[in-house]
Amino acid sequence: MSRDPRYDLLFEPVRIGPVTTKNRFFQVPHCNGMGYRDPSALATMRAIKAQGGWGVVCSEQAEIHPSAEICPFIELRVWDDQDLPMLARIADAIHTYGALAGLQLCHNGMNAPNLYSREIPFGPADLPVASSLLDPVQARAMTKGDLRDLRRWHRDAARRARRADYDLVYVYAGKLFGGPMFFLSRRYNTRTDEYGGSLENRARLLRELIEDTKEAVGDRCAVACRISVDELIGEQGLHADEARDVIAYLAETPDLWDLTLSSWDNDSQSSRFAAEGYQEPFVRGIKQLTTKPVVGVGRFTSPDMMVRMVRQGVLDLIGAARPSIADPFLPQKIEQGRIEDIRECIGCNICVSGDYTASIIRCTQNPSMGEEWRRGWHPERIRARHAEAQVLVIGAGPAGLEAAMMLGRRGYDVTLAERGTQLGGRLVRERTLPGLAAWGRVVDYRASQIARMPNVAIYRDNALSADDVLAFGAAYVAIATGSHWRRDAVSRSVLEAIPIDPQLPLLTPDDLLQGARPAAHSVLIYDDDHYYMGGVLAEHLATQGHAVTLATPAAEVSMWTRNTMEQPRIQRRLLELGVRIAPPRVLTAAAAGRIELACAFTGQCQVFESEALIMVSSRLPSNELSRALEQRAAELADAGIEHLETIGDACAPGTIAAAVFAGRRYAEELGTEPREGALPFRREVAELLPFDVRQLLGEP
Ligand SMILES: Cc1cc2nc3c(=O)[nH]c(=O)nc-3n(C[C@H](O)[C@H](O)[C@H](O)COP(=O)(O)O)c2cc1C
Ligand code: SF4
């Protein structure tokens, strides 16, 4: 197949200062929870993006100095020459596949609590650090000496970037991460010297850093400036007009403008709150302020939208973080005319959660993300089957679909049996909840891939019993029968069943998803799950006209969605819909019209007079088939079954990303024998320095 000429524009080269990118696909900086801890894993992940056709592949924010590090987040470091081999390995891996390598130099300024280095953070003024974890740390106002130091460190870091062979070096003034943004911002910058006050003064540090960087490396490297175009907090923050004034003032200073909303939660908005292209209104017109190329973002997965951005003069380069995570081969697929093969980002922000939890990046759509080096997984390829064999996959939810698709790619003879009439498992109905439509892409992508595989047969409306499985005669059986919500309150806060009056109308998320409606006006949602379900059901029921109270033992609704940066938006939406949010409460008893909850701190009980209870506690694996077959283990061999495994939610309920990962893992590992004592993945252990404990402890 060849590419549609409508998309030719996307494959034009673009000059960026002294370098040229082969096309307009630009993987903007994104962290990944690997950073300095997992350099080879990081290099492999970036190389795969280059292999997939991205013209530019950037690093994450790379801390240039210990005076601004954001532990516990794991980023790259450019602190001294010790970091050079790691940085060079990444650039080299990117170059192997013909992409330009970008390094996002970052001095986090007042964002950095410096929990690792224990250096005193600094910024334009004496203020608490702006870190999202509310660290009890204050920054001090920078002196002229500090500003000189910062400029020197930035120059040194830029020179290291060049020595490590990067083509593009960033000056970062965005999202309250890049230190110069605090100087641009009137609310942080209250200085009265030449770095505060007028716009020219507030932009002075940024201008100096860009000029320094150009002077240091501009002969060979392009110098990019990533800047925030709006903080979405009105006059109080850096707003559209002011950001445009800064860009107009520095228009020709960098070689490239990289535009984003601020802060990070506005920049990486989830699909629940923003559609593809959501940043367009904020960047439109900025290109006309400069002759330099402009890159912008907005969860771009549609080539038509990308072309429109370029044709209408909004952007020169199509920036992407999440679309490149979900599908590192997106450019190549457009180039080869394989649009239907694009694995579109679903906008769930599970990738962000990796960063927030200081764990390796993960992606719902692309289970190989973060596993390229340590498990040897590739987003597009998988090794051929180990033998001619038949595999029966039972259950076509996220785990079963992924397993069937990847087993199909390996060349096995696969049968996918689904008890329902539709593919997707939990997603069949969850995708119909408010804001979750894009999550259906998990199903659509896999279903459309499988539909083209002659070696994968799907049987819908096919609930298999243990007898059926034994009679089927497949050598390998994967049971992916999903999970169901509990009717009792057993979850994190309540570990024993509590008294619930059978007269009280009680519904689980499964009941609601299957179309049941509470036969009552006032409902109380009890959420001890803390991810999206409680909040999304509150939204669903409130929009259907119910008077909704949401009670949870946590301090905030949907508290875990802090890790996907959705929590404040969820809480705001619920409040705007009139949902009553109870203070932190644990369910203690429930009877008709009388739901009793205890204060999570004092234990003092309060009665809520809601007429129905929606129980969002926890889930149980739907593993009856697994248990039945386990009991007949002695018959498996005679039935020709070599291996039986329960995967995904049927093993232990988790996120959709975890289920997809489980499906992939099953497909990857089928036919392999774990080596005795071997870890399930590789890890990189840093080289030990010489060590003499007696000398260190001061003994002669
Ligand atoms: C997991 C993740 C990590 C990110 N890390 C960075 C970063 O290190 N530096 C940065 O400037 N932006 C970072 N971003 C923001 C992205 O560069 C991008 O501006 C944003 O996600 C919107 O683009 P998208 O819709 O294509 O994802 C990150 C985004 C994600 C999803
Ligand atoms: S985790 Fe979700 S938001 Fe992030 S890239 Fe993957 S599909 Fe997109």
Exercise. Give me the Debye-computed log₁₀ of I(q)/I(0) at q = 0.07, 0.09, 0.11, 0.12 Å⁻¹ for the chain, equal point scatterers on Cα only, no solvent, two decimals.
Key: -0.53, -0.86, -1.20, -1.34
Quiz item: What length, rounded to one decimal in nm, is gained on full extension from Arg140 through to Cys71, with 0.36 nm per residue of separation minus their alpha-carbon distance?
Solution: 23.0 nm
Quiz item: What is the distance in Å between the Cα centres of the stretch 1-24 and the stretch 215-264?
Solution: 24
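Enumerate by residue number the trypsin sites (Lys or Arg not before Pro) in the stretch 44-144 meeting two conditions: DSSP loop (anything except H, G, I, E, B), and at most 12 other Cβ atoms within 10 Å of the site's Cβ.
Sparse-neighbourhood loop trypsin sites (Lys or Arg not before Pro): Arg118.
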Quiz item: If packing is taken as the mean number of other Cβ atoms within 10 Å per residue, what is the order of 630-640, 453-463, highest first?
Solution: 453-463, 630-640
Quiz prompt | Principal-axis tilt of helix 240-249 within the chain, Cα atoms, nearest 10 degrees | solution = 40
Exercise. Please give the helix 84-96 orientation as an angle from the longest Cα principal axis of the chain, in degrees from 0 to 90, rounded to the nearest 10.
Key: 70
Quiz prompt | Debye, to nearest 20: dipole size of the stretch 368-514, +1 on Lys, Arg Cβ, -1 on Asp, Glu Cβ | solution = 600
Practice problem: Quick one: net charge around Gly593, please, counting Lys, Arg +1 and Asp, Glu -1 for every other residue with C-beta under 13 Å from its C-beta. | Solution: -3
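Roll a 1.4 angstrom probe over the protein heavy atoms and tell me the percent of accessible area of the stretch 537-684 that is carbon or sulfur.
With neighbouring chains kept in place, the figure for the stretch 537-684 is 50 percent.
So for the stretch 151-259, Kirkwood radius off the Cα pairs, Stokes-Einstein at 37 °C and 0.692 mPa s: how many µm² s⁻¹? Provide the component values of the computation, followed by the final result.
Working: Rh = 14.0 Å.
Diffusion coefficient, whole number: 234 µm²/s.
Accessible area, 1.4 Å probe, largest first: how do Met559, Met533 sort?
Sorted descending by solvent-accessible area, the residues read Met559, Met533.
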Quiz prompt | Burial ranking of peptide ranges 501-511, 307-317, 370-380, 93-103 (average Cβ count within 10 Å, highest at the top) | solution = 93-103, 370-380, 307-317, 501-511
Quiz prompt | Burial order of peptide ranges 424-432, 675-683, 53-61 (average beta-carbon count within 10 Å, highest first) | solution = 53-61, 424-432, 675-683
Exercise. Evaluate the distance, in nm, between pseudo-label points positioned 7 Å from the Cα of Arg487 and of Gln336 along their respective Cα→Cβ axes.
Key: 5.1
Exercise. For Ile581, enumerate residues with amide H under 5 Å from its amide H, sequence gap 5+ or separate chain, H modeled in the peptide plane.
Key: Leu550
Practice problem: Apply 1/(1 + (r/R0)^6) to the Cβ-Cβ distance of Asp638 and Glu496, taking R0 = 45 Å, and write down the FRET efficiency to the nearest 0.05. | Solution: 0.60
Self-check item: Spacing of the two label points (7 Å from each Cα toward its C-beta) at Glu684 and Asp4, in nm
Solution: 3.9
Quiz item: How much net charge surrounds Arg220 when only the other residues with a Cβ under 13 Å from the Cβ of Arg220 are counted, with Lys and Arg +1 and Asp and Glu -1?
Solution: -1
Self-check item: Helix-only [θ]222 nm of the chain, DSSP H runs n ≥ 4, -39500 (n - 2.57) each, per residue, nearest 500
Solution: -8000 deg cm²/dmol
Exercise. May I ask for the angle, rounded to the nearest 10°, between helix 567-576 and the longest principal axis of the chain, with both axes built from Cα atoms and the value confined to 0 to 90°?
Key: 70
Quiz prompt | Three semi-axes of the equivalent ellipsoid, the stretch 18-150, Cα gyration tensor, whole Å, largest first | solution = 31, 15, 13
Exercise. Would you mind classifying the stretch 380-482 by shape? Square roots of the alpha carbon gyration tensor eigenvalues, ordered a ≥ b ≥ c; an a/c under 1.5 is rounded, otherwise it is prolate if a/b is larger than b/c and oblate if not.
Key: oblate
Quiz item: Counting Lys and Arg as +1 and Asp and Glu as -1, what is the net charge of the other residues whose Cβ lies under 12 Å from the Cβ of Met34?
Solution: -2
Quiz prompt | Per residue solvent-accessible surface (Å²) - the chain, probe of 1.4 Å | solution = 39
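Over the stretch 125-232, with every protein chain in place, what whole percent of the accessible area is carbon and sulfur at 1.4 Å, could you tell me? Can you show the working numbers first?
Working: 1880 of 4020 Å².
Carbon and sulfur: 47 percent of the exposed surface of the stretch 125-232.
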Quiz item: Simple spin-label model, 7 Å along Cα-to-Cβ: Arg594 to Asn462 in nm?
Solution: 5.3
Self-check item: Cα lying deepest toward the dipole's positive end in the chain, options Thr552, Cys345, Phe26, charges on Cβ
Solution: Phe26
Quiz prompt | Percent of beta bridges antiparallel (DSSP, the chain, rounded to nearest 5) | solution = 20
Quiz prompt | Centroid-to-centroid separation of the stretch 476-521 and the stretch 569-613 [C-alpha atoms, Å] | solution = 17
Quiz prompt | Centre separation in Å (Cα based) which lies between the stretch 39-80 and the stretch 134-211 | solution = 20
Exercise. Report, to the nearest whole %, how much of the accessible area of the stretch 311-376 belongs to carbon and sulfur atoms, 1.4 Å probe, protein only.
Key: 42
Quiz item: What residue among Ser263, Phe273, Thr290 has its Cα farthest toward the positive end of the dipole of the stretch 255-294, where the charges are +1 on Lys, Arg and -1 on Asp, Glu, each on the Cβ?
Solution: Thr290
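The values are calculated or read from the model by the stated rules, or taken from the named source; none is laboratory data. These numbers were taken from a predicted model, which means no experiment stands behind them. Because the Cβ atoms are built from the backbone with ideal geometry, glycine has one as well, and the counts that use them run over all protein chains shown. Heads up: the accessible areas ignore ligands, DNA and RNA and are worked out on the full protein's heavy atoms, side chains in. Shrake-Rupley method; radii C 1.70, N 1.55, O 1.52, S 1.80 Å.
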